[in-house]
1. How tilted is helix 35-46 with respect to the longest principal axis of the chain? Cα atoms for both, answer in degrees (0 to 90, nearest 10).
2. If r is the Cβ-Cβ distance from Ser311 to Ala347 and R0 is 30 Å, what FRET efficiency results, to the nearest 0.05?
3. Kindly provide the GluC sites (Glu not before Pro) of segment 332-406 that DSSP labels as loop, not H, G, I, E or B, and whose Cβ sees at most 10 other Cβ atoms within 10 Å.
4. Excluding Phe360 itself, calculate the net charge of residues whose Cβ lies under 10 Å from the Cβ of Phe360, where each Lys or Arg counts +1 and each Asp or Glu counts -1.
5. Using +1 at the Cβ of each Lys and Arg and -1 at the Cβ of each Asp and Glu in segment 196-249, identify which of Val219, Trp245, Leu209 lies farthest towards the dipole's positive end.
6. Charges only on Cβ, +1 for Lys and Arg, -1 for Asp and Glu: so what's the dipole of segment 6-416 about the Cα centre, in debye to the nearest 20?
7. What's the ranking of 139-147, 27-35 by average number of surrounding C-beta atoms within 10 Å, highest first?
8. To the nearest µm²/s, what D does Stokes-Einstein give for the chain at 20 °C and 1.002 mPa s, using the Kirkwood radius over alpha carbon pairs as Rh?
Amino acid sequence: MKLESFWQATAPAFTGAARGDLPASAEVVVIGGGFTGMSAALSLARHGIRVVLLEAGQVMGQASARNGGHCNTGVAQNFASLAASQGLEQASRYYHAFADAVEYVQALVQQEQIDCDFMRCGKLKLASKASHFPALQAAYELMRRTVDPEVDLLSADDVRHEIAAEGFHGGLIQRRGGQMHMGKFGVGLAEAAARHGAEIHPQTPVTALTRLDGYRHRVETPRGAIVADKVLMATGCSNLGPFPWFQRRIVPVGSFIVVTAPLDPALLRHLLPHNRTYVTSMNIGNYFRTTADNRLVFGGRARFAVSNPTSDARSGAVLQAGLLKLFPALAEARLDYCWGGLVDMTADRLPRAGERDGVFYSLGYSGHGTQMSVWMGRVMADRLAEKADANPWQRDPWPAVPGYFGKPWFLPVAGWYYKAKDRFS
């Protein structure tokens, strides 16, 4: 079993990196080479703007190519709960933003001819306990009436036709979601940005960011400095680098994934006949899907810990036990890959985007970033280019997480809390 991301290990190499020294200046500097940054760089280059993207490591080296491979409609929260806390009008705006984001990902795949196994398959959320089903039912009734007439509510008997696993008490299908190979999409997106004129510099961490006037900043790196007319911060969890204000507002939470060796296609069709993306309703639950080469990708918050090789291996053992409990027929299946990554979590599990002290940003996707990060890259690019000002995630104020200064000391406590909630819910 390799302790590396399946998406990264099976993606083509990125060939579009800029050669030579950093330029002295740029119209826009984008910090971060994941989905948000690359999508923004692509859109800015299409607008004819000179854009330089700086990535501390390799392109698509973090959350964008270390996730579960889902590309779905719907926010992290239950829609009925979100409507109760935010109001139906605002919750509906958020839901439509996610739906638009999935459409945009598909459009980019088609426009740039990115070979990434994209498919619209729908998402099934599974009620892990009988007590969880009423929340799914409330969400279904509200969503069908207001934002998504195509959703379906499944009984426990209905679920047995969707998944060959016992113990689920119903489910909710959202049909507009999809899936893709994250590594192939990410590299394809980066190649498209470079092809349209974006200057992309991997292995170039930002070490200092100094405001000069207005939106202009001096961006310093070990390879030199750039004076940027505008800066877009697209760094995900922001746990590294000179970004203390953001680091007090985003908590990096580990998420872990295993991938099987290729399985018998007939067995996969038996286990998951409709080949959707799947997520369970537990707080410390699981998400899973198949791949184009007949593997099963199985992930979750196996442990409330940061990602490192030791933590990933321990989490892989937890996930393997959960996989076999759900699908005993896979007892002989070999695991080929195991890895972890950091989710950029906000306190309310909703993204944040806007401008602070002259720096533009889009961050905090809270585990639902695949589609939204790509879409927000375009949204922020339009704002930087002064072509449009639409932004569903501009919300002020953005308070710091109480007692948090960049190191998530409370993750084990959070893990105990959510385990207790799952046990007694």
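1. So the helix axis and the longest Cα principal axis differ by about 50 degrees.
2. Details: r = 23 Å, r/R0 = 0.78.
So the FRET efficiency works out to roughly 0.80.
3. Numbers: sites: Glu332, Glu355, Glu386; in loops: Glu332, Glu386.
Listed in order of number, the matching sites are Glu332, Glu386.
4. +2
5. Trp245
6. Details: 40 positive and 35 negative charges, 118 e Å.
So the dipole magnitude of segment 6-416 works out to roughly 560 debye.
7. Numbers: 139-147: 18.6, 27-35: 27.7.
Those peptides, ordered most packed to least, come out 27-35, 139-147.
8. Numbers: Rh = 21.9 Å.
Translational D for this selection: 98 µm²/s.
Any read-out appearing in this document is the output of simple, stated calculations on the displayed coordinates, not a laboratory observation. The structure presented is a predicted model; accordingly, all values stated were derived computationally and were not measured. Heads up, the Cβs are rebuilt from the backbone with ideal geometry, glycines too, and the neighbour counts pull from every protein chain shown.
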